[in-house]
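The values are calculated or read from the model by the stated rules, or taken from the named source; none is laboratory data. What you see is a predicted model; the values in this text were computed from it and never measured. Note that each Cβ is placed from the backbone with ideal geometry, even for glycine, and that neighbours are counted across all protein chains shown. These area figures cover heavy atoms from the full protein model, side chains too; ligands, DNA and RNA do not enter into them. Shrake-Rupley method; radii C 1.70, N 1.55, O 1.52, S 1.80 Å.
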Amino acid sequence: MKHLVSSAISIPFAALLLAGCATVPAGPTTPAQGLAPLPPSIPSDLPRTARPLHYRIDFVPDVASLTFSGMTSIDLELFARSRSLTLHANELAISAARLFRADGTGAAVPLTVTYDTEQQTAELTAPAPLEPGRYRVDMQYTGKIGTQATGLFALDWPDKRTGESVRGLFTQFEAPDARRFAPTFDEPSYKATFDLSATVPANQMAVSNMPLAGEERLPGGLKKVTFRTSPKMSSYLLFFALGDFERLSMRGPDGTDLGIVAPTGSGEQARYALQSMAPLMRYYGDYFGTEYPLPKLDNVTAPGQSQFFSAMENWGAILTFERILLDDPANSSAAARQNIFSVQAHEVAHQWFGNIVTMAWWDDLWLNEGFASWLETKATDHFNPEWHALLGRVAGRETAMGLDAFVTTHPVVQPVRTVSELSQAFDAIAYQKGEAVISMLEAYAGDDVWRNGIRTYIQRHEYQNTVSDDLWRAVEEAGATGLTAIAHDFTRQPGIPLVNVRAECQGGSTALTLTQSEFSRDRKGEVAARPQRWRVPLLIKPAGGTPVRAVLDREASLTLPGCGPVIVNGGQLGYFRTLYSPEMTAALAGGMPQLDPIDQLGLVRDNLALAQAGYQGMAPALDLLAAVPADANPVVAEGAVARWAAAHALLTAETDKTRLAAIARERWLPRLRGLGFVPRAGESAADSNLRAGLIGTLGGMGEETVATEARRRFAALVGDPKALDGPLKTTWLGIAARNATAQDWELLHRLARSTTSTIERQTYYELLGSANDVALAQRALDLALTGEAGTTSAAIIARVAQRHSNLAYDFALANRAQVEAMLDASGRADYIAELAQSATDPGMIDKLEALRRSLPADQARPVERVIGQLRQRFADDPRMRAETAAWLAAR
């Protein structure tokens, strides 16, 4: 390895003590606010007796030994007479702590330190009670540098020029892991300003939230970097990175310095992300009516991966894993390029919604993530309308409802009290249900009213913390009367409304009867008898008529002109399921070619979910799927093809699988032939993605032309490692990896070890876990334990679990300590349970029950969720299989 600091550099503690008590600097345009203790309405693990004003953090990493030493000085306000101060600290050893009066009078007060490891806190106790007032606390401490994306962590990667292994440092503090880096008030409502400095190798680049304020050369090939004072922000947004980096930059709106920081040798691979950033900055600045307040915004490339997250919105210094930030023409598909744009759109949105205004506590995590997801889609559609990004909201809704239909779900606004509960809060309810509910509320309020309310909210609460009702209040003030009540229905209670619809043609008009119930996978009888109540916004679209807006409160009757098909969830903007009468469903299937693409997609997904839950048979849902026209919008076509693949996987009888494959082939093989196996210059991303989906699905069903082409292309890798380079590389490799022989597996392994591309390396290693062959799957599991694949090791095990669930699950439990060492601390609660999700053996439930009994209650929820899903799937699949077989026989 190179560019390492071989030993720790010790900075005298006295140097920090002699620094004096500087005036607390204000962040850019930070408003003056009265200081007060944290109110009881906001949860906290701390005693509420003090509040931080400003941090000065100076640290020295020892990259070789994976440790660091640090000194932190905190200016704070003490509100009540007390002998002690309590801060968060996790795996930090505080060797010295002293307290000073802010006015510089009096002697230093030595503080004794005691730790509560369960609460992840350190109590600093003075010899005598301290009176209310302003103080400065100075601490010297040491900590650990991790190898997974938690706290301050290291990543190793092959140098893009030489292939030699190099190491860099990064931070990930959400949530809650700033306490692994420095003693802090590590909760979102304790906002403060930060000064950060570090002693690092002179030939490496250091990056933080703010630009450099100064750089001092030191003996021994070192330098001390000091960054400018941050704005007032929550501790989880603090960031630092260090490594052999290069920075591609440009000027953005109002002169903001925009940059993509990437491993040296990345070159033009950073260009696409950089060119996307400036338009996003202008778009969000205009949408929020508030300019970006920092002088720079970097997006920093991390050459690794996490099983828990893809990117992090650190203010002024986003962190993104390499495969979704750098555009590598040899490996990046059209979908990967779209992901580069959309993930960056999500994180840049956070620079306003989440960073300027931040949720008061993790209960309202969705205020960050749901809104960033919604803005991500909105901005992506604005700049790339040919991608049809709004259609993606249907898939997001379905992902959320896949959790929300079970008793193990939770409200969007959920109580979070422990670190484990917080880690589990980053799920599809916070992100995708959050986005779906926001889309519905925006449609209810109207675009202009909604935007005006958002602008008021941002400007009213900038540099402060909020709860959901602060937002609803601002939007109602802008003109959306009644929105708060609807928002409460969908965010304060869990679950999914079910709208039952009947229609009768009477004299050229349609009499529509609607009743609201509740959809469930595992409690149908219970919720039918006692459904929750929602006020449900509807957009009813009659065939050829003007859409009608209404709010359904339990039941309603409407008369619509004409007697054609009627869609109750027009534009798929509502978060609810719609159960049509059989006659209405048949009419919708007959009129499918004339429907808007988003309604085609939404109707198919909705009805398949209703059939899976037993509210109707599979036949009407499959009729709708079969009615999707062969020339459908490419995103709709891709979604339909994926549904055929899922139906094929459900079946077990070869005769049934052959029949279904014939239907899919008859409908969709001509579309693939029209697209061809070779991407065309200038084709749309949607067509590129459809081609990949068709190749993967038809190849998986045994289509010989696809299988032959896959074998031919894979064979070319033997003599030329670049033979598959291009946007379809991962598609062809995926087919080959599933059907790999021992010789094929060895070729993939050799390619993984020899490449200098981080993205390519991750791809090959993950694919080693894709083999249908059990012996090769076991080889992949054994390889994962060696550490050879680095941060991709856990992904190999997860890939094996997709086809060999019992094998992967048993392996992970048998090697649990080693497997958990591969994971971010925040993702451990979910990982092992999720290995069981694709299980086909009901005996897996007993294994999961045993695991659940061994866990504390706050860590058991992911296991309980998977148990519920498996139990219901094992109950539903035989019925669905029989109904699908009957539908096939009838055709």
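Structure notes:
- The listed peptides 517-529, 345-357, ordered by packing as a protection proxy, come out as 345-357, 517-529 (highest mean of other Cβ atoms within 10 Å first).
- Computed over the alpha-carbon atoms, region 30-129 gives an Rg to Rh ratio of 0.98, Rh here being the Kirkwood radius from the mean inverse distance.
- Only helices enter this figure: runs of n ≥ 4 DSSP H residues, each worth -39500 (n - 2.57), summed and divided by the residues of the chain, yield -12500 deg cm²/dmol at 222 nm to the nearest 500.
- In sequence order, region 555-565 has phi-based couplings of 8, 7, 10, 9, 10, 10, x, x, 10, x, x Hz under the Karplus curve 6.51 cos²θ - 1.76 cosθ + 1.60, θ = phi - 60°, and Gly or Pro positions carry x.
- Here region 426-482 has an Rg and Dmax of 11.7, 32 Å, counting Cα atoms alone.
- For the chain, the longest principal axis of the C-alpha atoms and the axis of helix 742-754 are separated by about 30°.
- Cleavage-rule hits (trypsin sites (Lys or Arg not before Pro)) in region 122-218: DSSP loop, at most 11 neighbouring Cβ within 10 angstrom: ARG161
- For region 451-491, the spherically averaged projection of the C-alpha convex hull amounts to 2.7 nm².
- Where region 619-719 is the region considered: accessible area per residue in Å², 1.4 Å probe: 42 Å²
- When a 1.4 Å probe is rolled over the protein heavy atoms, the share of accessible surface on region 73-195 that falls to carbon and sulfur comes to 48 percent.
- Among the listed pairs LYS224/LYS296; LYS191/LYS223; LYS232/LYS433, those beyond 23 Å (Cα-Cα): LYS191/LYS223; LYS232/LYS433
- Under 5 Å between amide hydrogens, built in the peptide plane, is the criterion, and for ARG83 it picks out LEU130 among residues at least 5 positions away or on other chains.
- For LYS722, the lysines whose Cα comes closer than 25 Å to its Cα, not counting residues fewer than 8 places off in the same chain, are LYS160.
- Where GluC sites (Glu not before Pro) fall in DSSP loop in region 100-191, at most 14 other Cβ within 10 Å: GLU118, GLU164
- The phi torsions of region 39-48, fed into the Karplus equation with coefficients 6.51, -1.76 and 1.60 and a -60° offset, translate into couplings of x, x, 5, 9, x, 7, 8, 9, x, 6 Hz, rounded to whole numbers, with Gly and Pro shown as x.
- Region 592-650 and region 812-862: distance between their alpha carbon centers, rounded to Å: 33 Å
- To the nearest ten degrees, helix 704-715 and the longest principal axis of the Cα atoms of the chain are 30 degrees apart.
- Region 695-751, relative contact order in percent, only Cα pairs under 8 angstrom and at least six apart counted: 33 percent
- Cβ charges +1 (Lys, Arg) and -1 (Asp, Glu), total dipole of region 797-891, debye: 220 debye
- Using every pair of separate Cα atoms, the Kirkwood estimate puts the hydrodynamic radius of region 813-865 at 11.6 angstrom.
- Region 166-286 - percent relative contact order, Cα under 8 Å, separation 6 or more: 26 percent
- Estimated dipole of region 480-610 in Debye, rounded to 20 [Cβ of Lys and Arg +1, of Asp and Glu -1, Cα centre]: 320 debye
- The tail of the calculated P(r) for region 490-614, taken as Cα-Cα distances beyond 24 Å, holds 23 percent of the pairs.
- Highest-first arrangement of 247-254, 460-467, where packing means the average Cβ count within 10 Å: 460-467, 247-254
- Area projected by the alpha carbon convex hull of region 718-800, averaged over all directions, nm²: 4.9 nm²
- Region 634-686, accessible surface, carbon-and-sulfur percent (1.4 angstrom probe): 56 percent
- Descending by average beta-carbon neighbour count within 10 Å, the peptides 769-775, 679-685, 800-806 line up as 800-806, 769-775, 679-685, the highest first.
- Paramagnetic label reach from GLN532 (point 7 Å along Cα→Cβ; backbone nitrogen cut-off under 12 Å): within region 367-409, residues 404-409.
- Amide H contacts of THR578 (H built 1.01 Å from N, in plane; Pro and chain starts excluded): VAL499 sit under 5 Å, all sequence-distant by 5 or more or on other chains.
- Rounded to whole numbers, the Karplus 3J(HN,Hα) couplings from phi for region 863-880 are 5, 4, 5, 5, 4, x, 5, 5, 4, 6, 5, 5, 7, 8, 4, x, 5, 4 Hz, using 6.51 cos²θ - 1.76 cosθ + 1.60 with θ = phi - 60°, and x at Gly and Pro.
- Amide H to amide H distances under 5 Å link LEU538 with ALA550, VAL551, LEU552, where only residues 5 or more positions off or on other chains count and H is placed in the peptide plane.
- Largest-first ellipsoid semi-axes for region 364-516, taking √(5λ) over the Cα gyration tensor eigenvalues, angstrom: 27, 21, 18
- Across the options PHE288, SER249, THR226, the greatest Cα extent toward the positive end of the charge dipole of region 222-293 (unit charges at beta carbon of Lys, Arg, Asp, Glu) belongs to THR226.
- Looking at the chain, the DSSP beta bridges with both ends there are about 80 percent antiparallel.
- Here the chain is assigned +1 on the Cβ of each Lys and Arg and -1 on the Cβ of each Asp and Glu. Its dipole about the Cα centre then comes out at about 360 debye.
- The C-alpha atoms of the chain define a longest principal axis, and helix 447-461 lies at about 20 degrees to it.
- Using only the C-alpha atoms, the convex hull of region 79-120 corresponds to 101 Å³ per residue.
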